[in-house]
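Reading through the structure tokens given below for one structure.
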Amino acid sequence: MTSTEVIISEKNLILETGLLAKQADGSVVARYGDTMVLATAVANKATVEGKDFFPLTIDYIEKAYSAGKIPGGFLKREGRLSEKEVLTSRLIDRPIRPLFKKGFNSETQGMVSVLSYGDENIADILGITAISAALLISDIPFEDAVAAVRVGRFAPNAPNAGEAGDIERAGKIVINPCFEDMALLDLTLVVAGTAEAVTMVEGGGLEVPEDVLITAIDRAHEEIKKIIGAENLLREKVGKPKRAVAEVKENEALAASVKDLCVEKMRDSIRIPDKLKRQKTLDGILEETIKQLTATDPEVNAREIAKLFEHLEQELVRTSIMNDGIRADGRGADEIRKIDCHLNLLPRAHGSALFVRGETQALVAVTLGTSHDEQRVDSLDGDTYRSFMLHYNFPPFSVGEVKPLRSPGRREIGHGALAERSIKSVLPGADVFPYTIRIVSDILESNGSSSMASVCGATLALMDAGVPIKAPVAGIAMGLIKEGEKVVVLTDILGLEDHFGDMDFKVSGTKEGITAFQMDVKIKGVSREVMVGALEKARLGRLHILGKIGEAISEPRAELSKNAPRIFQMKIRADKIKDVIGSGGKVIKGIIEQTGVKIDINDEGIVTIASSDEASLAKARAIVEGIVEDAQIGRIYKGKVKKIMDFGAFVEILPGTDGLLHISQISDKRVNKVTDELKEDDEVMVKVIEIDRAGKIKLSRKEAMKDAAKQSET
């Protein structure tokens with residue numbers, strides 16, 4: 001077994017190989033504290049002729065035994081990937097994918113398995129480093145080491161760290177924060193990169209300024225360089241020779257023919273503003289080109305012509321931007337497409353909005369529920385509950401395609417998670433707004449940054465629903481075209497610019513700062529200066545969009561939708577919880593049957609009553625308040641006789657609360673036998689005349705009758 005190690009944030013990060021999974025092309029175990037992940041990489045030995053894409057699959061798998069758990073559910077074994085595993089698989093894939101040698105097209109699979117799950121909060125991040133190391137030591141043509149860390153900043157009001165005498169952590173940057181520290185952070189990022197540059201960033205914050213984000217990324221890159229040193233040392237010790245990859249040779253004669261036939265027509269066509277019209281025109285040019293060239297030479301491959309045609313299109317799009325300053329739809333580099341906001345489109349939804357930016361449409365609906373609607377999540381960290389969910393759907397008709405409908409794919413899950421992170425920090429706390437919130441964004445048209453359109457639509461729909469968010473949030477996607485030393489940053493990119501560009505850079509936030517951030521780079525990295533400039537342009541774009549949102553709706557509606565459930569909360573004493581629930585749940589079930597409401601009581605005595613009918617809610621509230629109410633001396637109650645004794649009767653004046661009505665207090669006349677005046681289940685008006693230290697209640701019907709007589713006289 002061979003290993004290397006490096007100290008990161010006062011803990012050893014160890015990379016080992018040679019013991020586990022030795023038949024894989026590359027296999028590395030990464031350890032950090034009690035956390036261990038096994039990364040394996042395997043690529044088919046044969047290359048496929050004519051394949052013009054790289055079939056790479058990355059899977060991150062959490063083993064329940066790694067945390068000493070047995071999986072929940074019926075099957076009791078790991079099955080389909082959870083949402084967290086899907087998101088982590090994407091997280092690992094994105095910085096790895098651009099670093100394979102061009103022309104390599106063998107089917108490749110990387111797997112990261114969590115073998116031991118410690119308290120370090122790093123299994124997902126460790127996966128990026130481990131798979132990079134596994135690829136480096138394999139014969140797979142992976143060209144450059146990549147590593148990752150999680151970086152955060154303690155909020156300015158964070159408490160002092162640890163024992164007395166420790167320095168304050170407030171405002172400090174921390175690398176690989178543990179689970180306990182996560183709640184104290186106002187910024188959390190996953191940063192991945194090579195030794196030369198940052199290649200991926202993903203995370204969110206509590207409206208943090210752009211300069212704080214840059215500082216955190218810089219700090220993370222310092223640690224990334226150390227980890228890459230350990231990876232390269234492992235490669236020096238045990239690395240295999242890389243497979244030869246045939247140089248991709250373009251058919252220069254055919255490329256020249258395609259260019260001669262197409263270039264002039266394409267120059268005009270790529271600047272057609274309408275996406276469908278532009279694509280239809282380009283498809284027509286390609287079809288005509290294939291006809292002409294195959295008629296001249298029947299051996300010419302139509303697929304190769306299409307590939308060369310796409311290369312030419314990419315060259316013309318990039319050249320138009322770089323040299324002429326003209327984008328595909330005629331905009332300037334910093335120009336944002338026309339924005340339209342429509343509210344309250346769906347009569348039965350609790351809140352709805354349509355956000356339109358250019359040829360991208362997001363129809364967003366908000367549904368409000370109770371704690372019964374929370375999502376239970378079974379994870380290695382234990383069972384947790386989600387009271388906020390944002391789900392993103394991308395139907396094929398949104399881009400004019402026909403595809404079978406399946407369960408949400410990795411892209412949909414990833415885009416939904418980004419939009420959810422963007423919105424989450426501005427939602428009100430449960431003490432202010434005790435609702436479960438589900439947002440659904442259906443993309444009806446797409447031509448660039450539908451995830452950021454979902455963020456904007458979610459803000460509009462939340463305010464339309466009357467959810468008291470702390471501030472509106474908007475999102476914008478930035479792009480990059482880089483040729484040599486010349487760089488152009490594009491604001492509000494089109495799908496075409498995303499496809500042919502070098503960077504996809506999404507930023508969402510409020511007027512005050514950033515709430516979510518995601519950057520992916522197709523080249524080997526971007527400089528700090530480019531990132532700073534792109535962030536400033538994104539800030540200006542975000543402010544512009546927030547202005548448009550403000551024109552449509554400036555603040556949340558004062559009232560919830562009539563279709564939304566009403567929720568009432570009250571706190572009761574712990575000893576009253578059993579009274580509200582009743583034996584075997586009899587009391588609470590009875591309230592639900594009488595009123596049709598939903599009721600939930602937690603261990604702290606918080607009673608939550610929910611109903612879409614205000615009258616039903618008021619009725620249930622009155623019943624619960626009656627149950628938990630304490631008897632008061634001097635107050636008159638309408639009680640029910642529960643038990644007759646020789647010396648008096650026990651009368652229930654409140655649910656679960658009885659008092660003694662002594663025979664001497666039944667009437668102002670002499671009573672020989674209690675049964676002469678009362679029988680069980682009689683309802684009588686009684687007055688509380690005494691409550692002793694033990695809580696025993698003494699009642700008087702005689703006094704209640706006197707008070708009633710006096711009141712009638714007045």
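Each reported figure results from applying straightforward, stated rules to the coordinates on display, with no laboratory input. Everything quoted here is computed from the prediction, not taken from an experiment. All Cβ positions, glycine included, derive from the backbone under ideal geometry; neighbour counts span all protein chains shown.
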- Taking N as the number of residues in the stretch 636-713, what value does Rg over Cα atoms divided by 2.2 N^0.38 Å take? 1.03
- Message: With equal scatterers on the alpha carbons only and no solvent term, can you work out the Debye log10 of I(q)/I(0) for the stretch 411-544 at 0.12, 0.20 1/Å?
- Response: -0.48, -1.15
- Task: Report the percentage of all Cα-Cα pairs in the stretch 566-628 whose separation exceeds 21 Å, rounded to a whole percent.
- Result: 11 percent
- Message: Sort 653-661, 671-679, 458-466 by the packing proxy (mean of other Cβ within 10 Å over each peptide's residues), most packed first.
- Response: 458-466, 653-661, 671-679
- At R0 = 60 Å, FRET efficiency that the Cβ-Cβ distance of K242 and I581 yields, to 0.05: 0.35
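What number do you get for the chain when its Cα radius of gyration is normalised by 2.2 N^0.38 Å, N = residues? Working shown, then result.
Details: Rg = 33.6 Å, N = 714, 2.2 N^0.38 = 26.7 Å.
Computed over Cα atoms of the chain, the ratio equals 1.26.
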- Note on the structure: Contact order relative to length for the stretch 324-407, counting C-alpha pairs under 8 Å separated by 6 or more residues, stands in percent at 14 percent
- Task: Could you state the angle between the C-alpha long axis of helix 275-296 and the longest principal axis of the C-alpha atoms of the chain, as a value from 0 to 90 degrees rounded to the nearest 10?
- Result: 30 degrees
- Task: Would you mind putting 564-572, 237-245, 87-95 in packing order, based on average other-beta-carbon counts within 10 Å, highest first?
- Result: 87-95, 564-572, 237-245
- Message: For the chain, take the longest principal axis of its alpha carbons; what is the angle in degrees between that and the long axis of helix 252-269, to the nearest 10 within 0 to 90?
- Response: 50 degrees
- Query: Considering only the other residues whose Cβ falls under 14 Å of the Cβ of T510, what net charge follows from Lys and Arg at +1 and Asp and Glu at -1?
  - Reply: +1
- Task: Rank these for me by crowding, V624, V587, going from fewest to most other beta carbons within 10 Å.
- Result: V587, V624
- Note on the structure: Whole-Å distance linking the alpha carbon centroid of the stretch 263-279 with that of the stretch 181-201 is 39 Å
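How much length is gained on full extension from L405 to V263, taking 0.36 nm per residue of separation minus their Cα-Cα distance? Mind showing how you got there, number by number?
Numbers: separation 142, 0.36 × 142 = 51.12 nm, distance 3.76 nm.
Gain in length upon complete extension: 47.4 nm.
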- Message: On the principal axes of its Cα set, how long, how wide and how thick is the stretch 252-324? Give whole Å, largest value first.
- Response: 36, 24, 17
- Item | the stretch 591-663 - Kirkwood radius from inverse mean 1/r over Cα pairs (Å) | 14.2 Å
- Taking the Cα centre of the stretch 250-395 as the origin, how large is its charge dipole in debye, to the nearest 20, when only Lys and Arg (+1) and Asp and Glu (-1) carry charge on their Cβ atoms? 660 debye
- Ascending count of other beta-carbon atoms within 10 Å, so fewest first, for F650, F388: F388, F650
- Query: With axes computed from alpha carbons, what is the tilt in degrees of helix 210-238 against the longest principal axis of the chain, rounded to the nearest 10 within 0 to 90?
  - Reply: 60 degrees
- Query: Gain in length, R77 to E555, computed as 0.36 nm per residue apart minus the alpha-carbon separation, to one decimal in nm?
  - Reply: 167.3 nm
- Mean residue ellipticity at 222 nm from the helices of the chain, using -39,500 (n - 2.57) per DSSP H segment of n ≥ 4 over the full residue count, to the nearest 500 deg cm²/dmol? -10500 deg cm²/dmol
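Tally Lys and Arg at +1 and Asp and Glu at -1 over the other residues with C-beta under 11 Å from the C-beta of T194: what net charge comes out?
-2
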- Based on Cβ point charges of +1 for Lys and Arg and -1 for Asp and Glu, what charge dipole magnitude is obtained for the chain about its Cα centre, in debye rounded to the nearest 20? 1560 debye
- Return T367, T296, T281 ranked ascending by Cβ neighbour count within 10 Å, so the fewest neighbours appear first. T296, T281, T367
- Task: For A256 and E485, calculate 0.36 nm times their separation in residues minus their Cα-Cα distance, and state this gained length in nm to one decimal.
- Result: 79.7 nm
- Over the stretch 369-436, what lengths in whole Å, largest first, do the semi-axes of the equivalent ellipsoid take, defined as the square roots of 5 times the eigenvalues of the alpha-carbon gyration tensor? 28, 15, 11
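With a Förster radius of 35 Å, plug the Cβ-Cβ distance of S527 and K562 into 1/(1 + (r/R0)^6) and report the FRET value to the nearest 0.05. Intermediate values should be presented prior to the final figure.
Numbers: r = 54 Å, r/R0 = 1.54.
Taking R0 as 35 Å, the efficiency between S527 and K562 is 0.05.
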- Which FRET efficiency value, to the nearest 0.05, do you get for E652 and A430 by plugging their Cβ-Cβ distance into 1/(1 + (r/R0)^6) with R0 = 25 Å? 0.10
